[in-house]
Amino acid sequence: MTLQSILRAHLPDPLPRRLGVAASGGSDSTALMHLLADITQQEGIALYAATVDHGLRSESAAEASSVAAQASALGIPHHILKWEGWDGTGNLQDQARRARYQLLTRWARDHDLPAIALGHTADDQAETVLMRLGRAAGVSGLSAMAAIRREDCIDLLRPLLSVTRSELRAYLAEAGVAWIDDPSNQDDRFDRIKTRNAMAQLEQIGLTAQALSRVADNMAQAREALALYAQEAARRVTKVSDGDICIDVAGFVLLPIEIRRRILTAAILWIAGGAYAPRHSAVDQAMRAVVERQNMTIGGCMLVPAKEKLWICRELNAVSHEVCDPLDLWDQRWVLSGPSAKTAEIRVLGEDGISQVKDWRAMGKPRAAILASPALWQGDTVLSAPMAGFGNGWRADLTPEQSKFYCSILSH
């Protein structure tokens with residue numbers, strides 16, 4: 001098979017009518033942009049390219065301009081996205097990666113692009129597997145990068161995960177296309193570069209990029225099977241109540257440990273949001289808290305025992321500073337709607353609010369869950385607290401993407 005046919009086989013069919021491609025100027029994304037230029041032209045797809053300029057090297061601006069010129073030569077509209085958010089502290093590579101995805105997904109939304117193609121290769125997949133092995137990752141971690149992942153309502157496509165970097169460079173060399181070598185890719189202060197350098201030695205015992213990529217594929221299949229099992233089990237032992245999760249402890253403790261972990265992790269991410277699950281050790285502690293019916297805070301959520309049940313709800317401190325106007329998104333998941341209230345605002349109910357709501361106990365939920373729920377305030381007066389039994393003409397609704405907990409289990 002040609003590289004073009006391999007790439008097309010790993011892209012959605014049909015392709016969206018408008019598609020983005022992230023082009024850094026390196027060999028992988030340069031090859032991807034050129035291959036996609038041919039495919040999209042044949043299929044009548046509008047292709048757009050973007051380069052993230054992290055501004056970490058003096059050459060970065062000129063390199064981004066070089067990519068823009070290359071895209072222009074292919075007839076591809078191009079945008080340069082500048083990152084200006086690093087203050088010099090923290091994990092640089094991690095912050096740069098998160099910023100890159102934020103900038104790219106925002107660019108995609110602004111230009112009505114439902115999907116972005118990324119140039120990750122079999123080499124990147126193999127390095128990710130090795131790095132996660134070093135962190136004693138489980139099935140989900142070793143499944144490494146997914147071929148398709150949804151982030152901020154945009155599909156991130158990785159159609160080159162079965163192709164090696166050397167194959168892409170051979171394609172570019174034959175086509176006479178130049179690429180940029182980022183010197184940071186030789187900086188062994190970074191774990192990924194150390195892992196990349198170690199790959200040459202591991203190949204001697206059969207741990208090639210292709211072999212490790214197959215491991216990731218195998219783990220991805222196992223992850224999907226476990227996710228389906230976890231979804232079915234969650235339907236039996238949990239109940240969704242106004243954005244909170246109620247667990248039947250007796251049924252929960254009978255489940256395999258891995259399934260318990262998946263259900264808890266999915267519940268925490270569904271309630272508190274965020275792209276990353278809590279640490280493995282924290283989830284283990286949470287599983288013990290469920291079994292022993294103990295209170296616990298984890299990942300912006302509270303675990304609250306109630307007789308033979310245990311509730312997972314939002315942590316009050318995590319939303320104490322959340323404020324928005326009526327009809328706007330509160331805590332990235334709730335929309336309160338009702339009669340006109342021009343000078344009112346949405347804030348957490350909290351201690352000051354629950355004292356104004358007499359019938360909250362009739363909701364049958366723990367006090368902690370009611371405290372962390374959204375309410376409509378006029379100054380110091382609660383006008384409405386729908387989840388505390390005081391609607392007063394208002395209602396609270398989860399956003400469509402946040403409304404289905406059991407579906408979310410399959411995406412974690």
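The values are calculated or read from the model by the stated rules, or taken from the named source; none is laboratory data. Bear in mind that the values here come from a model prediction, so they are computed numbers and not experimental data. Cβ placement follows ideal geometry from the backbone for every residue including glycine, while neighbour counts extend to all protein chains displayed. Areas reflect the complete protein model, heavy atoms only, side chains present, ligands, DNA and RNA absent. Shrake-Rupley method; radii C 1.70, N 1.55, O 1.52, S 1.80 Å.
Of the residues T2, T40, which is open to solvent by less than 10 Å² (accessible area, probe 1.4 Å), without any contact (Cβ under 8 Å) to a residue 60 or more places away in the chain and β-branched (V, I, T)?
Result: T40 is the single residue among T2, T40 that is open to solvent by less than 10 Å² (accessible area, probe 1.4 Å), without any contact (Cβ under 8 Å) to a residue 60 or more places away in the chain and β-branched (V, I, T).
Pairs, please: C-beta under 7 Å, at least 6 apart or cross-chain, first residue more than 21 Å from M145 (Cα to Cα) and in segment 195-214, second open to solvent by less than 40 Å² (accessible area, probe 1.4 Å) and modelled with pLDDT under 85?
Correct list of pairs: empty, since none qualify.
Mind checking whether some residue in segment 363-376 is more than 28 Å from I263 (Cα to Cα) and either at pLDDT 95 or above or open to solvent by less than 70 Å² (accessible area, probe 1.4 Å) (or both)?
Within segment 363-376, one or more residues are more than 28 Å from I263 (Cα to Cα) and either at pLDDT 95 or above or open to solvent by less than 70 Å² (accessible area, probe 1.4 Å) (or both).
Among the numbered criteria (1) touching a helix residue (DSSP H, G or I) at 6+ places or on another chain (Cβ under 8 Å); (2) open to solvent by less than 40 Å² (accessible area, probe 1.4 Å), which single criterion is violated by R260?
(2)
Any chance you could count how many residues in segment 12-28 are assigned to a strand (DSSP E or B) and open to solvent by less than 20 Å² (accessible area, probe 1.4 Å)? Show your work before the answer.
In the first step, residues of segment 12-28 are kept if they are assigned to a strand (DSSP E or B); the result is 18-22.
Now restrict to residues that are open to solvent by less than 20 Å² (accessible area, probe 1.4 Å): 19-22.
The number of residues fulfilling the criteria is 4.
So which residues in segment 215-242 are more than 28 Å from V129 (Cα to Cα), free of Cβ contacts under 8 Å to residues at least 12 places away in the same chain and hydrophobic (A, V, I, L, M, F, W, C)?
The answer is none; no residue qualifies.
Filter segment 221-277 down to residues that are outside any helix (DSSP H, G or I) and of a type in the set (A, V, I, L, M) and give me whichever is nearest to the chain's Cα centre (by Cα).
A275
Does T105 satisfy the criteria of being open to solvent by less than 60 Å² (accessible area, probe 1.4 Å), under 27 Å from the mean Cα position of the chain (by Cα) and within 21 Å of L172 (Cβ to Cβ)?
Taking the combined requirement at face value, the residue does not satisfy it.
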